[in-house]
Amino acid sequence: MAMFWIESIEKEPPEWMRHCNSLKDKKGRAMADYWKFYVKPKLPEWMKCDDTLKDKNGQTAGMRWIIKKKTQPPNWMRHDNTLADKFGRTMAMLWIKNVKTEPPMWMRHDITLRDSGGETMAMFWIQFVQTEPPEWMRHDITLADKDGWTMSMLWIQEIKTEPPEWMRHDIERIDVLRNTMAMKWIKYVQTEPPEWMRHDITLSDKNGCTMTMLWIWFVKTDPPKWMRHDAALCDKNGRTMAMWWIECAKSDPPEWMRHNNTLADKIGRTVAILWIKSVKTEPPHWMRHNNTLADKFGRTMAMLWIEYVKTEPPEWMRHRIALSDRDGRIMAMWWIREVKTEPPKWMTMDNAQGSNDGRTLSMKWIMEKKTEPPEWMRHDNTIADKFGRTMSMIWIVYVKTEPPEWMRHDKLLADMDGWTMAMKWIVHVRKEPPEWMRHDAALSDKSGRTMAMNWIFWIKTDPPEWMRHRNALEDKDGETMAMGWIKYVKTEPPVWMRHRIALSDRDGRTMAMHWIKNINTQPPEWMRHYNSLKDKSGMTMSDLWKYSVETEPPLWMKE
């Protein structure tokens, strides 16, 4: 009440309303905090709390005063100068961050004291005041934060000039990511590092990048002569300077940087392949290699040209039309996928050849273009991919209309899951299958589900009359249409669908048990059975009620 009083009326609460001044709200704020925020004049003596009392961020009243007021806290608010918030920041660190001047004498502490990120007062000073730390604040120049950053490294990042002489340390000293001062200079200042800062040009960071590679990435110009190293030297991903140059500068690498054109990175990309990906033009002559040379995924220059440039590959780049990538895709399949038009005549071949997933050009055409494939591409309509799906089935999945007549096949032909065209039609088109597609209503897929069961699962309405079968027919889990209806439609099954009330699924659960589990109400009277009937885990209707509804079971269920 006292907190509400201060917030609403902005005066001292009556005596009867006052409580222990250390009592805090959910955000860790005491009455004193409310007073400072809403009323602001001098805090009443009775409201002053323990100076070490902290809020949820571990901040004391003194710390919050520095953050909000940017002045020294009153005497009663001052506490041990090594006391820190939950991020390990002392009042002195918060003073430097917020006030940006030297902390008062009473606030200063051991200069090597660090916050949870390993930063000292001097490091805070460099970041927020951006000048040299006062002499009393300076510490061992090799002292680093948790990421391995020294004062010199922070200076380079924040101030972007040479660190003062007293701050400089061993030039090969690295942070957690193995970056030296020279590497940070290239990243943040983007000019040549001063001479005193330069080190062995082959020294690399955690990713295997040398100063030269970082120069190419950040500065995007030819590295200085003193920085250049062996052109074949690569980073941890197998990328050379020339590869970095192509990716970043998108131009022909300088001559001194060029290397064997068959040298590839870890995923098998040569300079020519990277050129096609990044620059999207024909690679320079020195870069070109055998047109059948592929990356680790089996993609040739021609395939990548189709993917990135989306035009016909130049003649010198073309190879055997039957040559495929690791997934069995030939150039013509890449063309259909990326360009989405008929492949050029020189690229076409046996229309029945499939990729590793068994999909032919026609199938890929249907998936990408959603139209009829050109005549030369068509093949026997019973040819299926490795999942057993024919062109007709793929047409139903992607186009969602009746397949053209030339594409239709025996209505009983099923894919690897036992799904016929009619079942796919129900799942993907969500309507009654056309008459020519319909088959025996009792025919089921590999999980034992019939068209009617699929209809209940996907469309959640009463299946058409021609689709209905005997109501006791079960799928592989022993579930009938009525059980499926309860599970997915969550209402009473239609009269024609109902069967013996004691009939159970593979887990021994009856319709009534399914009703309790899925709908969490009492089953209709016609569905109830004697309550001693148990499922395979030994649970009765009464036990299921306690577990699912979490209330006392009705009397008829206990008897």
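The values are calculated or read from the model by the stated rules, or taken from the named source; none is laboratory data. Quantities reported herein were computed from a predicted structural model and do not represent experimental measurements. In this analysis, Cβ positions are derived from the backbone assuming ideal geometry, glycine residues included, and neighbour counts consider all displayed protein chains. Note: accessible area is taken over every heavy atom of the protein model, side chains too, but ligands, DNA and RNA are not part of it. Shrake-Rupley method; radii C 1.70, N 1.55, O 1.52, S 1.80 Å.
For this structure, a couple of remarks:
- Using C-alpha pairs under 8 Å with a sequence gap of at least 6, the mean separation divided by the residue count of the stretch 397-522 gives a relative contact order of 16 percent.
- Computed [θ] at 222 nm, deg cm²/dmol, the chain (DSSP H ≥ 4; -39,500 (n - 2.57); rounded to nearest 500): -7500 deg cm²/dmol
- Accessible surface of the stretch 288-413 [probe 1.4 Å, protein heavy atoms]: carbon and sulfur percent: 49
- Ordering GLY58, TRP166, HIS139 by the projection of their Cα atoms onto the charge dipole of the chain, which places +1 on the Cβ of Lys and Arg and -1 on the Cβ of Asp and Glu, puts GLY58 at the extreme positive end.
- Enclosing the Cα atoms of the stretch 389-443 in their convex hull gives a volume equal to 75 cubic angstrom per residue.
- Calculated on the Cα set of the stretch 99-140, radius of gyration then Dmax: 9.7, 25 Å.
- Bridging of LYS517 to lysines at a Cα separation below 25 Å is possible for LYS460, LYS476, LYS487, LYS490, LYS534, LYS536, LYS546, LYS558, once same-chain residues fewer than 8 apart are set aside.
- Only lysines eight or more places from LYS236 in sequence, or on another chain, were considered; those with a Cα closer than 28 Å are LYS146, LYS184, LYS187, LYS206, LYS220, LYS225, LYS250, LYS266, LYS277, LYS280, LYS296.
- Here Cα extents along the principal axes in Å was calculated from the structure, and among (i) 88, 46, 41; (ii) 92, 87, 40; (iii) 72, 57, 51 it sits at label (ii).
- Note that the chain presents 47 Å² accessible area per residue, ligands and nucleic acids not counted, probe 1.4 Å.
- The stretch 61-197 - percent of accessible surface contributed by carbon and sulfur, probe 1.4 Å: 50
- Semi-axis lengths (Å, descending) of the ellipsoid that matches the C-alpha gyration tensor of the stretch 382-479: 22, 15, 11
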